1. Lys/Arg Cβ at +1, Asp/Glu Cβ at -1, dipole of the chain taken about the Cα centre: which of Ile151, Ser84, Ala162 is farthest positive-ward?
2. Can you give me the Rg/Rh ratio for the stretch 29-83, using Cα atoms for both radii and the Kirkwood formula for Rh?
3. For the pair Ser75/Lys100, report the inter-label distance in nm, with labels modelled 7 Å from Cα in the Cβ direction.
4. Can you give the helix-only mean residue ellipticity at 222 nm for the chain, where every DSSP H stretch with n ≥ 4 adds -39500 (n - 2.57) and the sum goes over all residues, rounded to the nearest 500 deg cm²/dmol?
5. Compare Asn67, Asn139, Asn58 in a GNM of the chain, Cα atoms joined below 10 Å, and give the one with the largest fluctuation.
6. Among Ser84, Ser75, Ser43, which one moves the most in a GNM of the chain with springs linking Cα atoms closer than 10 Å?
7. Can you give me the Cα centroid spacing of the stretch 151-170 and the stretch 84-116 in angstrom?
8. Return the long-range amide H neighbours of Glu163 (sequence gap of 5 or more, or a different chain), with a cut-off of under 5 Å between placed amide H atoms.
Amino acid sequence: MALQRRLGRPGDQCKALVRNQATHLIWHGRIETTLTRAKEVRSVAERMITLAVRECENTVEVVKEFNNDKGQTVSLTVINDMPSKLHARRMIMATLYDLKEPKEEDESKADYRERTKDNKHPIVEKLFREIGPKYKQRNEEKGCTGGYTRIIRKGPRRGDSAEMVILELV
């Protein structure tokens, strides 16, 4: 995140603000913020989506064999990330914050735990399972890359006349 706007804050607060808004943009699909913040968040979010588009299908199927307690050989087929996808996953985890999966209203604790036990990083999984394939297909249809976000201007904020916008995924 070199050469970024300071947004009237110290560097660490600015970085935290951009990371937080980029995480919520990817999680919810749209956020409402000021124009200067939206321009910063857009560059970070587009970089993360580009990583997901490039690496969403880079997996390899591995057969693991091991001996159980009875001395029998058991083979297990596992789908692993290729090294480039693992690197992209770690870059996304270093840039975005880790959100927890929200609990449904009528869901018990046991059901919630069962539903979320295998998904430790839901924001990364959402990027690789939903957003990456969606935009990869869009890129193939249109024959272009990038342009995953849209800024819609709303007008000035009442208190300080800051230009308010809606930043959303296309």
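1. Working it through, the farthest residue towards the positive pole turns out to be Ala162.
2. 1.39
3. Those two pseudo-labels are separated by 4.1 nm.
4. Only helices count here, giving -14000 deg cm²/dmol.
5. Asn67
6. Maximum fluctuation in the GNM of the chain, among the listed residues, is at Ser75.
7. Result: 29 Å between the Cα centres.
8. For Glu163, the qualifying residues are Leu35, Arg157.
Values quoted throughout were computed directly from the atomic coordinates according to the rules given, and no laboratory measurement underlies them. None of these values were measured; they are calculated from a predicted model. Counting neighbours? That spans all protein chains shown, and the Cβs are built from the backbone with ideal geometry, glycine included.
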